[in-house]
Amino acid sequence: MRLVTCLHEGRARVGVVREDRIRLPVIEDWSRAMIRLIDAGPAAWARLARAGADVELPLAEAELLAPLPRPRKNIMCLGWNYAEHAQESAASQGREAKLPEHPMVFTKNVTSVNAPYGEIPCHDGVTGELDWEVELGVIIGKGGRGIPRERALDHVFGYTVINDISARDLQFRHKQYFIGKSLDGACPMGPLIVTADEIPDPQALWLRSWVNGSLKQDSSTRHMIFPVAEIIHVLSRGMTLEPGDVIATGTPSGVGFARTPPEFLKRGDVVECEVEGIGRLRNRIV
């Protein structure tokens, strides 16, 4: 299934996308919020797939929210999970590149979540170095702790697109990532969730980003240092993953701060991020 969260008559509703239309299912408790649907488990997901619709909307005219407008917990994020990105980051700081031996994990505050076509504040006076990062997002469907690698993908509800907008000056000034990654509006997500059954291999997806129509990033998830199954395995070793948890799996090379000269987003810029088979985010800096 291809699922969205959209506004209809002033309320957030879960919808099923078929071709160019959104079908809003006959009301059940889980149809009011994506997190309730995920909590409800596989039986509810199967009912939704065959449910009748009480409303249909043209996809192009719908007001889409992030699929999970406010996750219960911070978004878990991977740093330096593509070798070329790790190398460009090191080169920009004049140090030798050393690929991580273990996943480097940080989080983004839930208040950073933004709609797939929402406006991103430029945060004048707070940062002058907003940067883009296209990433594959993973939504956990079945929780667990100590999840084996070989069964990790069975715990995935679906996949989405994330732009891990980063304030580089804050990130490097504070010597950690949380503040620089958690500005309000700095996590556009969507435009939808594609359920895991439609993406049997998350390591075979192309990722691209553009700024004002100029291609900036162009790579594939096959280049991840730590693939999705490994990420889930490592995160769950001593920490329980729960339904609705969101994981941003890292970005490939081509980010702004590592360019010569560095490039940063400014007021009026339009940044787009796309993952093959899922969709494209489009956000203006305001």
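Rule-based calculations on the coordinates, nothing more; no lab input. Here the structure is a predicted model, which means the values were calculated and not measured. When we count neighbours, we look across all protein chains shown, and the Cβ atoms used for this are built from the backbone with ideal geometry, even at glycine.
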Rounded to the nearest 0.05, what FRET efficiency do Glu230 and Asp54 give with R0 = 41 Å and r taken as the Cβ-Cβ distance? Could you check?
-> 0.45
For Leu215, put the label point 7 Å out on the Cα→Cβ axis and report which residues of the stretch 251-286 keep their amide N under 15 Å from it.
-> 253-255, 272-276
Report the extension gain between Thr260 and Arg284 in nm, rounded to one decimal, defined as 0.36 nm multiplied by the number of residues separating them, less their alpha carbon distance.
-> 6.3 nm
Extending each Cα 7 Å along its Cβ direction at Met239 and Asp201, get the distance between those two points in nm, one decimal.
-> 3.0
Checking His155, His85, His102 against a Gaussian network model of the chain (alpha-carbon springs below 10 Å), the top fluctuating residue turns out to be His102
What FRET efficiency comes out for the pair Val126/Lys175, r = Cβ-Cβ distance, R0 = 25 Å, nearest 0.05?
-> 0.90
Rounded to whole Hz, the Karplus (6.51, -1.76, 1.60) HN-Hα couplings of the stretch 263-275, x for glycine and proline | 10, 9, 6, 10, 3, x, 5, 10, 10, 10, 9, 9, 10
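My understanding is that a pair violates if its Cα-Cα distance is over 24 Å; which of Lys73/Lys266; Lys98/Lys175; Lys142/Lys181; Lys175/Lys216; Lys98/Lys181; Lys142/Lys216 do that in this structure?
Flagged as over cut-off: Lys73/Lys266; Lys142/Lys181; Lys175/Lys216; Lys142/Lys216.
Provide Ser220, Ser112 in ascending order of the number of other Cβ atoms located within 10 Å of each residue's Cβ, fewest first. List each step's numbers first, then the result.
On the way: Ser220 15, Ser112 21.
Fewest-to-most Cβ neighbours within 10 Å comes out as Ser220, Ser112.
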Just grab the label-to-label distance for Arg145 and Arg222, each label 7 Å out from Cα along the Cβ direction, in nm (one decimal).
-> 3.8
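Which residues make up the longest stretch of the chain clear of trypsin sites (Lys or Arg not before Pro) that lie in a DSSP loop with no more than 13 other Cβ atoms within 10 Å, not counting the sites?
On the way: sites that count: Arg72, Lys73, Arg95, Lys98, Arg145, Lys175, Arg237, Lys266, Arg267.
Counting at most 13 other Cβ atoms within 10 Å as exposed, the longest clean stretch of the chain is 1-71.
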